[in-house]
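Below is one structure, written out as structure tokens; comments come after it.
The values are calculated or read from the model by the stated rules, or taken from the named source; none is laboratory data. Model, not experiment: these values are computed from the prediction. Cβ sites come from the backbone with ideal geometry, for glycine too, and all protein chains shown count toward neighbours. For the accessible areas, the whole protein counts, side chains as well, though only heavy atoms, and no ligand, DNA or RNA atoms are used. Shrake-Rupley method; radii C 1.70, N 1.55, O 1.52, S 1.80 Å.
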Amino acid sequence: MTRITNLGFPRIGAKRELKRAVERHWRGESDAAQLQATARELRLRHWRLQREAGVDTPPSNDFSLYDQVLDAAFGFDAIPERYRALADADPLAGYFALARGHQKDGIDLHALEMTKWFDTNYHYLVPELQAGQRFALRDDKPVREYLEARAAGIETRPVLIGPVTLLWLSKTVDGSDRFALLDALLPAYAELLARLHAAGAQWVQIDEPALVLDLDATARAAYTRAYAALAQGPRPQLLLATYFGALDDNLPLAASLPVDGLHVDLVRGREQLDAVLGALPAGRTLSLGLVDGRNIWRTRLDEALVLARYAIEARGDDAVWLAPSCSLLHVPVDLVHEKALDAELRGWLAFARQKLDELRLLSDALADPNAAEPALAQAREAIAARRASPRVQRSEVAARVAALDASATHRTSPFARRRAAQDALRPLPLLPTTTIGSFPQTLEVREARAAHKSGRLAQADYDAFVATQIEHCVRVQEAIGLDVLVHGEFERNDMVEYFGEQLDGFAFTKSGWVQSYGSRCVKPPVIYGDVARPAPMTVRWSRFAQSLTDRPMKGMLTGPVTVLQWSFVRDDQSRADTCRQIALALRDEVTDLEAAGIGVIQIDEPALREGLPLRRADWAGYLDWAVESFRISASGVADTTQIHTHMCYSEFNDIIEAVAAMDADVISIETSRSRMELLDAFVRFEYPNGIGPGVYDIHSPRVPDVEEMTALLHRAAELIPVAQLWVNPDCGLKTRGWPETQAALEALVEAARRLRAELPATRAA
């Protein structure tokens, strides 16, 4: 039978066991040995699950306590000097300091920068390198975990991030060439491969997703040099894994590298199969990514079978493997836990375990089509039922999208006129202070929400609880001295899920968790049909919060592109059309907020950059409909209503024109980890609208002091005209505790006051 392999498995556990174990360790409730014991139990459980599902060779070293890129950097000793003493004294504490910062025992360390893993919603830690960087095999985690599986009787294929992709994902702090470090890095890779070979590993998977990007001559030369070096000496057979798109013009390069097998993504790059079959030298194994590793819909197995049979006819059964398109890290673990999901919708879905079952069925069908036909027929019926379901299509939604014209995408007046109207109505000081939206989601808040959802807390009692939390949040903000307040979002579980629960066309799982970063897990909504808003979603609590204060209250919404990107999206119509449907629903919410007296409205779009296609040739089309969708949501209000947006962990150089085209009155961005480096794009572009560069890294437990924030504001004021500047944290505060939040916001407000005292006391443009 055709061999089944897997590129990676969700590491968090079906019940988020890893999240809970890691956070217990961070709170000091468990030691390193207890944390590692939970990690080993999860790895073993997942290897056994994959073998039971019919996977011939599961992956190993796809597990991480925080992030696989951090693991690679740490393992090859790419540790910035400021962390080294802690990492040498306590490796686990040093590892987590790189990820989260460290503020204890007189040691104050910032975390590494974080950004998106290609165009997914997974975040990775950005390794810091410099000219003359030295590498060494500091940690042989891949060998240990391979031997751990082998001791359990399971042969795995260790997974490594490839050397070129690792350098591609890194930054040099001194501006030097990343790829100039390749020759220093390769001996460490060669040593690791030799150790894996000595341990008995037959294959190693080397992930090089950078091969689906636009590569310049330097990167191409790096690939040639890297794999020529790794081909030497003792090593297992190497599977070069590419995913997230087609190889296209990089196919000749990938096919020429001296490896033993090539994995290609035939979900996002289905059209490349013919070219791959023509380019791949004889004797090379071809791994076919036939099942979508990034979405939760059942696979169209008949179409996948056509591709598999075509490849086998060209290369032979022994030379073709079946696999997901990419690691299953991006989907939930097992649909079996979704007891409450209605049967019709459940029949349309496949989580990680079910995707492995689909691969096994494909292999069975290739071996014996007649025996596999009943299962194939059942899968066929589920696909057909989804296509015909009246739940999916709504004629009134389609008609509203079709009626959109240019008037729906433009504010009445240009920014300068809007700003004058807003300043006249709501005078604010120079460097106005605000937050991004959410405040601490304490255990008390989460327990009350859970009790309400389970029916143990009556609606009236829950509403009273939420009102109390909002009033406390407003009073704290007033006492701290913030200029524009927020209601704190205590009624919201997640910035996308909350809205999806109130929109038609969305469904929700109970256990559909995926990892976003570190211990942060999200449960993406499922967009299965046309999207519409039956009733207002946020007006009640925003109006209540505004009634408590004379200061401006910001209404908080998640933007259409982010709702789209952070959901599992239907695959039976274009993403652009789905995004426009969401935008129209949000437009109704924005105008209702304005009518309720909310004059400042934030429409968050942190996912705008992550949705950017990986190939530059495809950018314009995406940015056109993404920016259009934001403007649809924001453009139904008067000049006096101030529209904010927020973006975090984005590289803005590539999209600054699109950011400007969104025409938000104020944009807030993450800049504290980069020490304001991300402002460079706005400076070069001469960005005209308001901008709030974050001065407080909320993804770390450390609390910056007034001097640190003041220094960051000074840097921002050197780059951006001060009349444009707002002062805010990097992101929402839901993951932080109240004491650290209050301390940090007090420092933030004081930093703004200090800088105002040094500057003219006007906000003239």
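Data for the structure
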item: Taking the convex hull of Cα positions in region 156-202, its mean projected area over all directions (nm²); result: 3.7
item: Furthest towards positive pole of dipole, Leu349, Leu376, Ala402, structure part region 347-406, Cβ charges; result: Ala402
item: Nearest-20 debye value, the chain charge dipole, Cβ charges on Lys, Arg, Asp, Glu; result: 960
item: Label-point separation, Glu746 to Arg284 (7 Å along Cα→Cβ), nm; result: 6.2
item: Largest-first principal axis extents of the Cα set of region 556-693 (Å); result: 39, 38, 22
item: Sequence-distant aspartates and glutamates (8 or more away, or on other chains) whose Cα lies within less than 14 Å of Lys171; result: Glu113, Glu128, Glu651, Glu677
item: Mean accessible surface per residue for region 10-69, computed with a 1.4 Å probe while every protein chain stays in place, in Å²; result: 40
item: Convex hull volume of region 22-71 per residue (C-alpha atoms, cubic angstrom); result: 80
item: Rg/Rh for region 1-160, where both radii come from Cα atoms and Rh is the Kirkwood radius; result: 0.98
item: Carbon plus sulfur fraction of accessible area for the chain, probe 1.4 Å, in percent; result: 51
item: Quarter of the Cα convex hull surface for region 339-435, i.e. its orientation-mean projected area (nm²); result: 13.7
item: Tilt relative to the chain, helix 415-425 - C-alpha long axis, 0 to 90 degrees, to 10; result: 50
item: For Val267, solvent-accessible area (1.4 Å; no DNA, RNA or ligand), Å²; result: 60
item: Interatomic Cα distance distribution for region 307-390, bins of 10 angstrom, percent; result: 15, 39, 36, 10, 1
item: Calculated diffusion of region 374-419, Stokes-Einstein form, Kirkwood radius summed over Cα pairs, 20 °C and 1.002 mPa s, µm²/s; result: 145
item: Local electrostatic count at Arg294 - Lys and Arg +1, Asp and Glu -1, tallied over other residues with Cβ under 11 Å; result: -2
item: Per residue, in Å², the accessible surface of region 572-724 once ligands and nucleic acids are set aside, probe 1.4 Å; result: 29
item: Net +/- balance of residues flanking Asp177 in space, Cβ distance below 13 Å, scoring K and R +1, D and E -1; result: -1
item: Set of lysines near Lys523 by C-alpha distance (under 21 Å), chain-local residues within fewer than 8 positions excluded; result: Lys15, Lys19, Lys116, Lys339, Lys355, Lys453, Lys510, Lys734
item: Principal axis box of region 601-661, alpha-carbon based, largest edge first, Å; result: 39, 22, 15
item: Loop-located GluC sites (Glu not before Pro) in region 1-75, at most 16 other Cβ atoms within 10 Å (DSSP); result: Glu29
item: For Lys15, solvent-accessible area (1.4 Å; no DNA, RNA or ligand), Å²; result: 130
item: Kirkwood Rh, angstrom, region 410-464 [1 / mean 1/r, Cα pairs]; result: 15.4
item: Chain lengthening between Arg24 and Ala180 when straightened (0.36 nm per residue, less Cα-Cα); result: 52.1 nm
item: Over region 129-185 - Rg/Rh using Cα atoms and the Kirkwood inverse-distance radius; result: 1.14
item: Farthest toward positive dipole pole in the chain [+1 Lys/Arg, -1 Asp/Glu at C-beta], among Gly455, Tyr146, His487; result: Gly455
item: Percent breakdown of C-alpha pair distances by 20 Å bin, ordered from the shortest bin, for the chain; result: 16, 50, 31, 3, 0
item: Restricting region 111-144 to chymotrypsin sites (Phe, Trp or Tyr not before Pro) in coil, as DSSP defines it, with at most 11 other Cβ within 10 Å; result: none
item: On Cα atoms only, tilt of 738-758 relative to the major axis of the chain in degrees; result: 60
item: Peptide ranges 444-455, 523-534, 230-241 listed from the most packed, as the mean C-beta count within 10 angstrom indicates; result: 523-534, 230-241, 444-455
item: Percent of alpha-carbon pairs separated by more than 26 Å within region 370-503; result: 59
item: Accessible area of region 256-371 divided out per residue, in Å², using a probe of 1.4 angstrom; result: 36
item: Helix-derived mean residue ellipticity, 222 nm - over the chain, DSSP H n ≥ 4, -39500 (n - 2.57), to 500; result: -13500 deg cm²/dmol
item: With Cα atoms, 0 to 90° folded angle of helix 443-453 axis to the chain main axis; result: 80
item: Alpha-carbon radius of gyration plus Dmax, which is the widest Cα pair, for region 642-765 in Å; result: 14.0, 39
item: Per residue Cα convex hull volume in Å³ - calculated over region 269-325; result: 76
item: P(r) tail fraction, region 445-583 - alpha-carbon pairs more than 19 Å apart, %; result: 59
item: 10 Å beta-carbon shell around Val695, net charge (K/R +1, D/E -1); result: -2
item: Percent of beta bridges antiparallel (DSSP, the chain, rounded to nearest 5); result: 20
item: Region 546-631: Rg to Rh, with Rh as the Kirkwood radius over Cα pairs; result: 1.07
